[in-house]
Amino acid sequence: MNIKIGCTGWSYQGWSGTFYPKNLKSSDWLKYYSQLFEITEINSTFYKIPSQEIVRRWDADTPRHFRFTAKFPSIITHEKRLGRINSEIFSFLASLSPIYEKVSALVLQLPPSLSFEEAKPRLEELFDILPDDFLYPIEGRHESWFSDDAITYLKQNKHCLVWNEVAGVNNPMPVTSNYLYVRLIGDRSIPDSEFGKVTKNKNMLIKNWAKKLQEIKEIPLAFVMANNHFEGFGPATANSLRMHLGMRELIWEGKKQKTLGSF
């Protein structure tokens, strides 16, 4: 299985001096991030459709092999709950045009109040207008998304149901398509001010995730995105998973300084 591991975003002040060199300008953070990781999930698109000027900068700051995934804007998933969203969909897709070749997936993170039954007819309308250029993993958090009816529907339509580690969501993690999309989110108990260091060690849980991924033999591709709220420091979580999977450890500025300081 080809497993692509990254973080949900890269623009966090707490990473300055721990992941990023202390004197590195925030405008250069993505450039630095993309020298280590091969993929990121753009979290900011959930809050606002980006301007093409910003997206062109993302393209310029990343190498050709780098890949993005992005969350659909909340106006589509949460405010309008997938209904009457044609104009927003076209605006969102147009905004991403500078990085079209680098986008692997667009993530439909749905609100916990949106049931499968309510979403199903709207999803069918949505997929009628979405281009075939990207993957579209669906993160349903209402319990009905894990019902037999929902899982059967997702399998029949080859829609990927996101596997997640989120407080309050009891996800049985069924395989519903020919790829996996995993989001290690955690809860909201770690404040933003503490991002940049591991404050909740979840090594055993990460080890279990690695084992589960290694047990899946029939799926050729998986995306795994680590959030700061999981342990406090997304890059450390991603690195831990990499090592449990037998991948090369990533060494960034803060780790270099620790190594030097140990002599």
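The values are calculated or read from the model by the stated rules, or taken from the named source; none is laboratory data. None of these values were measured; they are calculated from a predicted model. No Cβ is skipped: glycine too gets one built from the backbone with ideal geometry, and neighbour counts run over all protein chains shown.
Can you tell me which residue is nearest to the chain's Cα centre (by Cα) among those in the range 73-93 that are outside any helix (DSSP H, G or I) and hydrophobic (A, V, I, L, M, F, W, C)?
Leu82
Every residue in the range 127-145 that is assigned to a helix (DSSP H, G or I) and either loosely packed, with under 12 Cβ neighbours inside 10 Å or touching a strand residue (DSSP E or B) at 6+ places or on another chain (Cβ under 8 Å) (or both), please.
Listed by number, the residues that qualify are Asp128, Ile129, Trp145.
Just one of Thr69, Thr62 is touching a residue at least 60 places away in the same chain (Cβ under 8 Å) and either surrounded by 19 or more Cβ atoms within 10 Å (Cβ to Cβ) or not polar (S, T, N, Q) (or both); which is it? Steps first, answer last, please.
Details: Thr62 fails: touching a residue at least 60 places away in the same chain (Cβ under 8 Å).
Residue meeting the stated conditions: Thr69.
Residues checked against (1) in contact (Cβ under 8 Å) with a residue 12 or more places away in the chain; (2) within 20 Å of Asp59 (Cβ to Cβ):
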| position | (1), (2) |
| --- | --- |
| Met1 | yes, no |
| Gly6 | yes, yes |
| Ser11 | yes, yes |
| Gly17 | yes, no |
| Asn23 | no, no |
| Tyr32 | yes, yes |
| Phe37 | yes, yes |
| Ile42 | yes, yes |
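For Arg81, all conditions in the list (1) basic (Lys, Arg); (2) more than 23 Å from Gly234 (Cα to Cα); (3) surrounded by 17 or more Cβ atoms within 10 Å (Cβ to Cβ) hold save one; what is the number of the exception?
(3)
Please find, within the range 206-221, the residue that is nearest to Leu245 (Cα to Cα) out of those that are of a type in the set (A, V, I, L, M) and in a helix (DSSP H, G or I).
Across the range 206-221, the extreme among qualifying residues is Ala210.
So in the range 3-35, with the set limited to residues that are assigned to a loop (DSSP other than H, G, I, E, B) and aromatic (Phe, Trp, Tyr), which one is nearest to Tyr179 (Cα to Cα)? Full working, then the answer.
Within the range 3-35, the first condition is being assigned to a loop (DSSP other than H, G, I, E, B), and the residues that meet it are 9-12, 17-19, 21-25.
So of that shortlist, the ones also aromatic (Phe, Trp, Tyr) come out as 10, 12, 19.
Values: Trp10: 24, Tyr12: 29, Phe19: 30 Å.
Among residues in the range 3-35 that are assigned to a loop (DSSP other than H, G, I, E, B) and aromatic (Phe, Trp, Tyr), the one nearest to Tyr179 (Cα to Cα) is Trp10.
Please count how many residues of the range 94-124 are farther than 30 Å from Arg64 by Cβ and more than 18 Å from the chain's Cα centre (by Cα).
Looking only at that region, the number is 12.
I'd like to verify a number: residues in the range 184-236 that are buried (at least 16 other Cβ atoms within 10 Å of the Cβ), among the polar types (S, T, N, Q) and more than 22 Å from Cys160 (Cβ to Cβ), how many?
Residues in the range 184-236 being buried (at least 16 other Cβ atoms within 10 Å of the Cβ), among the polar types (S, T, N, Q) and more than 22 Å from Cys160 (Cβ to Cβ): 1 in total.
The conditions are (1) closer than 26 Å to Ile39 by Cα; (2) in contact (Cβ under 8 Å) with a residue 12 or more places away in the chain, and Asp132 fails exactly one of them. Which is it?
(2)
For the range 113-120, check the following and say yes or no: at least one residue is under 23 Å from Val182 (Cα atoms), in a loop (DSSP other than H, G, I, E, B) and either of a type in the set (D, E, K, R) or at pLDDT below 95 (or both).
no
For every residue, the table says whether it meets (1) surrounded by fewer than 18 Cβ atoms within 10 Å (Cβ to Cβ); (2) at pLDDT 95 or above; (3) of a type in the set (A, V, I, L, M, F, W, C).
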| site | (1), (2), (3) |
| --- | --- |
| Gln13 | yes, yes, no |
| Tyr20 | no, yes, no |
| Leu24 | yes, yes, yes |
| Asp28 | yes, yes, no |
| Gln35 | yes, yes, no |
| Thr45 | no, yes, no |
| Gln52 | yes, yes, no |
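Please enumerate the residues belonging to the range 156-173 that are surrounded by 15 or more Cβ atoms within 10 Å (Cβ to Cβ) and farther than 25 Å from Asn228 by Cβ.
Once the filter is applied, which keeps residues that are surrounded by 15 or more Cβ atoms within 10 Å (Cβ to Cβ) and farther than 25 Å from Asn228 by Cβ, the range 156-173 yields only His159.
Counting just the residues of the range 237-263 that are in contact with a strand residue (DSSP E or B) (Cβ under 7 Å, 6 or more places away or on another chain), at pLDDT 95 or above and in a helix (DSSP H, G or I), which one comes out surrounded by the most Cβ atoms within 10 Å (Cβ to Cβ)?
As a first pass, look at the range 237-263 and keep what is in contact with a strand residue (DSSP E or B) (Cβ under 7 Å, 6 or more places away or on another chain): 237-238, 241-242, 245, 253.
If we keep only those that are at pLDDT 95 or above as well, we get 237-238, 241-242, 245.
Still in the list and also in a helix (DSSP H, G or I): 237-238, 241-242.
Working: Thr237: 29, Ala238: 25, Leu241: 21, Arg242: 19.
Step by step, filter the range 237-263, then rank; the result is Thr237.
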